[in-house]
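The values are calculated or read from the model by the stated rules, or taken from the named source; none is laboratory data. Note that this is a predicted model, so its numbers are computed, not measured. Note that we place each Cβ from the backbone using ideal geometry, even for glycine, and neighbour counts take in every protein chain shown. SASA here: full protein model, heavy atoms, side chains in, ligands and nucleic acids out. Shrake-Rupley method; radii C 1.70, N 1.55, O 1.52, S 1.80 Å.
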Amino acid sequence: MTRSDLVEELAARFGQLTHRDAEYAVKTILDAMGDALVRGHRIEIRGFGSFSINRRPPRMGRNPRSGESVHIPEKRVPHFKPGKALREAVDERTKAMTTK
């Protein structure tokens, strides 16, 4: 599902929302989540999952073309951990689809 698919789904489910309002709502939510992660906050959506920042320590890597060692600096990357309800729902729905 893409961002535009999400906007379409939101506009379809809520008839009182125009396409522009649905697009604005999705943009606002995603921007707020991104800003919270940039500030180092953890986002928890009950029944769905949590977003947090993981630290990747510095390490030595290799340039695949030349084979020479390259220093790779520390990084902070977003991480998603699905909630129990989401894991169970996905598991049940995929089981039902494969047994048909």
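Between amide H atoms placed 1.01 Å from N, distances below 5 Å from GLY49 occur with GLY83, all of them 5 or more places distant or on a separate chain. In sequence order, the stretch 23-31 has phi-based couplings of 5, 5, 5, 5, 4, 4, 5, 5, 5 Hz under the Karplus curve 6.51 cos²θ - 1.76 cosθ + 1.60, θ = phi - 60°, and Gly or Pro positions carry x. Report the net charge of residues surrounding ARG56, where surrounding means a beta-carbon distance below 15 angstrom and charges are Lys +1, Arg +1, Asp -1, Glu -1. Counting the neighbours of ARG56, the net charge comes to +3. Using the Karplus relation 6.51 cos²θ - 1.76 cosθ + 1.60 with θ = phi - 60°, the per-residue 3J(HN,Hα) values for the stretch 4-13 come to 5, 5, 5, 4, 4, 4, 5, 5, 6, 6 Hz, with x marking Gly and Pro.
Net length available on complete extension from THR99 to SER50 is 14.6 nm, with 0.36 nm assigned per residue and the Cα-Cα distance removed. Summary of the geometry: the stretch 3-46 and the stretch 62-99, compared by the centres of their Cα atoms, lie 22 Å apart.
Could you please report the charge total around LEU86, scoring K, R as +1 and D, E as -1 over all other residues with beta-carbon less than 13 angstrom from its beta-carbon? Here the charged neighbours net out to +1. Each residue of the stretch 32-38 was assigned a 3J(HN,Hα) from its phi angle through the Karplus expression (A = 6.51, B = -1.76, C = 1.60, θ = phi - 60°), giving 5, 5, x, 4, 5, 5, 4 Hz with x at Gly and Pro. Apply the a/c threshold of 1.5 to the C-alpha gyration tensor of the stretch 1-49 and tell me whether it is rounded, prolate or oblate. It comes out prolate by the Cα gyration axes. Result for the chain in a Gaussian network model with C-alpha springs under 10 Å: among VAL90, VAL77, VAL26, the largest mean-square fluctuation is at VAL90. Across the chain, Cα pairs under 8 Å and at least six residues apart give a relative contact order of 19 percent. What the chain shows is 85 Å² of accessible area per residue, with the surface traced by a 1.4 Å probe over protein heavy atoms.
Between GLY49, GLY83, GLY67, where does the largest GNM mean-square fluctuation fall for the chain, given springs only between Cα atoms within less than 10 Å? Among GLY49, GLY83, GLY67, the largest GNM mean-square fluctuation belongs to GLY67. Taking label positions 7 Å along the Cα-Cβ direction at both ASP35 and ASP91, the computed distance is 3.7 nm, reported to one decimal.
For a quick check, take a GNM of the chain with Cα springs below 10 Å and name the residue from PHE14, PHE80, PHE48 with the largest mean-square fluctuation. The residue that fluctuates most here is PHE14.
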